[in-house]
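Step one of this worksheet: look at the structure below.
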Amino acid sequence: MPAAFCHAPVALLVATLFAGTAFAQTTPPSALPKPRPQTAAKPVAAKVTVSNSPDPTFDEDTAQRISAALLSYSALEVRGGWPTLPATAKLGPGARGGDVELLRRRLVLADDLPANEAAGDLYDESLVAAVRRFQARHGLEETGSIGPKTLAALNVPVGKRLRQLAASFDRLAALDFHFGQRYVVVNLPAAVAEAVDGNRVMRRHVVQVGRADRPSPMLTTHITTVNLNPTWTVPLGILKKDVIPKMRKDPGYAARMRMRVLDGAGREVDPYSVDWHSSRAPNFTIRQDSGPWNALGSLRIDMPNPYSVYMHDTNHKELFSADYRFQSSGCTRVEDPRALAAWLLEDTSGWNRRQIDAAIAKGERQDVRLAHKVPVAWVYLTGWVTRDGTVHFRNDVYHHDDKPALVADARPKVASAARASGFVLQSADTNPQPVRDVSYLDSQ
């Protein structure tokens, strides 16, 4: 059995324990709550598509909604799942034929298209709207046409979507987070951050997160301080892997990058006087000056945590327009971080967006402590359900969905009931896969 909730009965078992008896085994996706009209959240200007829904990705009821979706998708899998579209399908507005009929059936089964529009072989406006809804749920560009990425997402089997929901449910079960009136959530697979107030998204930011080989960690903590015009001290791991190899080739690299080499007493050292091939090279500290060249940009959002990661500006703003935004060394780079900082500092006297801009313009390093610290969670949800009943999916960039999770430890009754029924939870693995250590600190 694959390391996941591989069969419908397991997902049904877990979901039932948390969703209660209100959901029957045959509940279709259409039984989930329908979208309701709401005031739109304020999206951040970006070239990529950003939702303007006021519903947060993560709130106190997310796990319960995922459990309901597990029931619905389990029932759908029992009934045979959804059809696969041929790789040669040419699908776009105005197209006709059997592939269009197949596409209609596929979208009806996931509730993207009303059931009364299942028949027909014309790619009309209603089908365009349904495809856009599907693309929005999967974080794809909302073109209304079937390109390679949309076709690949349409052809993901319902069993894999079940595993995504189950693994996300597992991770939430192990998460210790205390929601406040105001909080920030970063969903790593979606590469999006949300500022939430009163259970409504007030701001939504496109972000860049860790590369697949240097993944951003899942964590919960509090945002305490905004650092203006920060310097950047190169972490040891990045110093060894990235900076020292460059210094060996050319010690002038430090000056070009506005970096200073410091000895153990904090005194500046001429980089040409250092033997960068020596084993003593890592004993030096390298610090990058404040300024537009700085890897942290003009602003850092500090959030004490054991991984030494944080949220910050960047001098790599061109990457925000990409649909693949897994580019950092573990920290979260935020588009328009000054707007997020202004939101964080709303109840801190003397700090609005204009005052933040003015302080940064002076070029002096300054730390601004929040009057009230704000809870923050970095979560890893590849499958989740928002309050309006929309089921969302994202790619498992870090391959966490295939790893043993923690339900066996966090929910003993679930694990016991599963074993008694003859099924094994992915979290019940007694030989967990080893986790490789990586540097979570950001680099240029």
(request) Identify all residues within region 289-309 that are crowded, with 21+ Cβ neighbours inside 10 Å, outside any loop (DSSP other than H, G, I, E, B) and not aliphatic (A, V, I, L, M); write none if there are none. (result) Arg300
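Suppose the filter is on the phi < 0 side of the Ramachandran plot and open to solvent by less than 20 Å² (accessible area, probe 1.4 Å); does Ala87 pass it?
Working: on the phi < 0 side of the Ramachandran plot: yes; open to solvent by less than 20 Å² (accessible area, probe 1.4 Å): no.
Spelling it out, it is not the case that Ala87 is on the phi < 0 side of the Ramachandran plot and open to solvent by less than 20 Å² (accessible area, probe 1.4 Å).
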(request) Within region 93-131, work out how many residues are open to solvent by 30 Å² or more (accessible area, probe 1.4 Å), charged (D, E, K, R) and more than 19 Å from Tyr73 (Cβ to Cβ). (result) 7
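Take the residues in region 57-80 that are over 27 Å from the mean Cα position of the chain (by Cα) and not aliphatic (A, V, I, L, M), then tell me which one is surrounded by the fewest Cβ atoms within 10 Å (Cβ to Cβ). Spell out the reasoning first.
Residues of region 57-80 over 27 Å from the mean Cα position of the chain (by Cα): 75, 78-80.
Checking the rest, the ones that are also not aliphatic (A, V, I, L, M) come to 79-80.
Details: Arg79: 13, Gly80: 9.
So, considering only residues that are over 27 Å from the mean Cα position of the chain (by Cα) and not aliphatic (A, V, I, L, M), the one surrounded by the fewest Cβ atoms within 10 Å (Cβ to Cβ) is Gly80.
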(request) Return only the number of the condition from (1) within 30 Å of Glu335 (Cα to Cα); (2) touching a strand residue (DSSP E or B) at 6+ places or on another chain (Cβ under 8 Å) that Ala63 does not satisfy. (result) (2)
(request) Please go through region 185-218 and pick out each residue that is farther than 16 Å from Ser51 by Cβ, assigned to a strand (DSSP E or B), open to solvent by less than 10 Å² (accessible area, probe 1.4 Å) and out of contact with any Gly (no Cβ under 6 Å at 6 or more places or on another chain). (result) Gln208, Val209
(message) Anything in region 273-288 that is more than 10 Å from Ile244 (Cβ to Cβ) and either in contact with a Cys (Cβ under 8 Å, 6 or more places away or on another chain) or part of a strand (DSSP E or B) (or both)? List them, or say none.
(response) Thr285, Arg287, Gln288
(request) Could you tell me which residue of region 151-184 is least open to solvent (accessible area, probe 1.4 Å), considering only residues that are over 18 Å from the mean Cα position of the chain (by Cα) and under 16 Å from Gly139 (Cα atoms)? (result) Leu154
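Among Thr225, Thr285, which is the only one that is hydroxyl-bearing (Ser, Thr, Tyr) and touching a Lys or Arg at 6+ places or on another chain (Cβ under 6 Å)? Talk me through it step by step, then tell me what you get.
Values: Thr285 fails: touching a Lys or Arg at 6+ places or on another chain (Cβ under 6 Å).
After ruling out the rest, the residue left standing is Thr225.
Just the residues that are over 31 Å from the mean Cα position of the chain (by Cα) and assigned to a loop (DSSP other than H, G, I, E, B), please, taken from region 90-100. Step through it out loud before you land on a result.
We begin by selecting, within region 90-100, every residue over 31 Å from the mean Cα position of the chain (by Cα); these are 90, 93-100.
The answer is Lys90, Pro93, Gly94, Ala95, Gly97.
The values are calculated or read from the model by the stated rules, or taken from the named source; none is laboratory data. All values reported here derive from a predicted model rather than from experimental measurement. Reconstructed Cβ throughout: ideal geometry from the backbone, glycine too, with neighbour counts over all protein chains shown. To get the accessible areas, we keep the full protein, side chains included, count just its heavy atoms, and leave off ligands, DNA and RNA. Shrake-Rupley method; radii C 1.70, N 1.55, O 1.52, S 1.80 Å.
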